[in-house]
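Encoded as structure tokens, the structure appears first; notes follow it.
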Amino acid sequence: METPLQTAKRLITALEELVAQEAANLRNLDLVEAVQVTERAAPLVQKLGELANEPGVAPLRPRVEALIIQRQQSTQMLDSHLARMQSELRRIDEARARLSKVAPAYGSGGAPAVSRLNTAA
């Protein structure tokens, strides 16, 4: 059976890998995968929180703090991407609204007009 320190070390190592994956996904703009990695990390974070009060786990605090800093940077990057996407969606909605106002001026979209020009071959 593992000691609390061994369990915490194992969880921190796994969490470090997940945080690195999340950062790589954000750099590659794979936002869906980045969020999925974050969701997979949640149980690890919860268990580490439970182990934080165990005697002997305190020496791991610097690694946990480094993870927290990395995670904050990833959160800021994700927030930035989200803001940019929301701005783009607003711009698209505004363009659609303008298009819907102008579309009636171009007719019903029926059959194209037949040309009456007679061309000689």
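Here are a few things to note about the model shown:
- Considering only Ala66, Ala97, Ala52, the Gaussian network model of the chain with Cα springs below 10 Å gives its largest mean-square fluctuation to Ala97.
- Stretch gain in nm, segment Leu99-Met1, where the contour uses 0.36 nm per residue and the Cα spacing is subtracted: 28.6 nm
- Our estimate of slack between Ile69 and Arg91, defined as 0.36 nm per intervening residue step minus the Cα-Cα distance, is 4.6 nm.
- Entry note, the chain: the mean residue ellipticity at 222 nm calculated from DSSP H runs of n ≥ 4, each adding -39500 (n - 2.57), is -26000 deg cm²/dmol after division by the residues and rounding to the nearest 500.
- For the chain, the longest principal axis of the alpha carbon atoms and the long axis of helix 4-27 meet at an angle near 20°.
- Comparing Ile69, Val32, Leu18 along the charge dipole axis of the chain, the residue lying farthest to the positive side is Val32, per the Cβ-charge model.
- Relative contact order (%) - criterion: Cα under 8 Å, at least six apart; region: the stretch 4-100: 34 percent
- Cβ-based exposure ranking for Val64, Val19, in which fewest neighbours within 10 Å come first: Val64, Val19
- Take the Cα radius of gyration of the stretch 4-100 and divide it by 2.2 N^0.38 Å, N being the number of residues; the result is 1.45.
Every number here is computed from the coordinates shown, using simple stated rules; none is lab data. The model shown is predicted, which means the values in this text are computed figures rather than measured ones. A quick note on method: Cβ atoms are made from the backbone with ideal geometry, for glycine too, and the neighbour counts reach across all protein chains shown.
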